[in-house]
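Enquirer: Pasting a structure here, questions to come.
Laboratory data are not the source of any read-out in this text; all were calculated from the coordinates shown. Because the structure is a prediction, the values reported are computed rather than measured.
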Amino acid sequence: MTKRELTRGEGRGKVSLSAQSIGDDIVVSIYNENGHIGAVAVAEYDHKEKRTSTSVITRLGHKDDAIAQKAAYLITRQTKKPSCVIAGVHLDDITQEEIQKCLENAESLIRDFLKGWK
């Protein structure tokens, strides 16, 4: 994989995913029009124990860890490769409905990315 770009949703719920390989590792960004570094998750697959471990760093006041952690875990669990996910989705005065839509679009992007993984 060289680089992949995917987008889901429209309006304030629109979320994008950008992914590329760095050696055998996978680096993914999940963001919207107000993209930023809200949280970073790194996942590693333990081939001996056959399990995935994820660590997350979240910036103060940000809640992007939910997206970053889930994405890194799912990507590494399926690919068995180390992954780093940078998530930054921000909307001023976001509603609960908009939060849900952004989370759904992010999950859809992750699933579509993994379907196309070679």
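Enquirer: Within straight cross-link reach of residue 115, meaning Cα distance under 17 Å, which aspartates and glutamates are found once same-chain residues fewer than 8 apart are removed?
Expert: Result set, ordered by chain and number: 5, 104, 107.
Enquirer: How big is the Kirkwood radius of the range 1-58, worked out from every pair of different alpha carbons and given in Å to one decimal?
Expert: About 13.3 Å, per the Kirkwood formula over Cα pairs.
Enquirer: Of the cross-linked pairs 3/50; 3/80; 3/48; 3/81; 70/101, which ones have a Cα-Cα span greater than 23 Å in the structure shown?
Expert: Pairs exceeding the cut-off: 3/50; 3/48.
Enquirer: Subtracting the Cα-Cα distance from 0.36 nm times the residue separation, let me have the gained length for residue 77 to residue 10 in nm, one decimal.
Expert: Stretched fully, the residue 77-residue 10 segment lengthens by 21.2 nm.
Enquirer: For the range 63-77, in order, what is each residue's ³J(HN,Hα) by Karplus, 6.51 cos²θ - 1.76 cosθ + 1.60 with θ = phi - 60°, in whole Hz (x at glycine and Pro)?
Expert: Along the range 63-77, the couplings run 10, 6, 4, 4, 6, 4, 5, 4, 4, 4, 4, 5, 5, 5, 4 Hz.
Enquirer: While we're on this one: With an 8 Å Cα cut-off and a minimum separation of 6 or more residues, compute the relative contact order for the range 3-115 in percent.
Expert: 32 percent
Enquirer: What angle, in degrees between 0 and 90 and rounded to the nearest 10, separates the Cα long axis of helix 96-115 from the longest principal axis of the Cα atoms of the chain?
Expert: 30 degrees
Enquirer: Here's a follow-up. Please report, largest first and rounded to whole Å, the three semi-axes of the ellipsoid equivalent to the chain, where each semi-axis is the square root of five times an eigenvalue of the C-alpha gyration tensor.
Expert: The answer is 24, 15, 12 Å, longest axis first.
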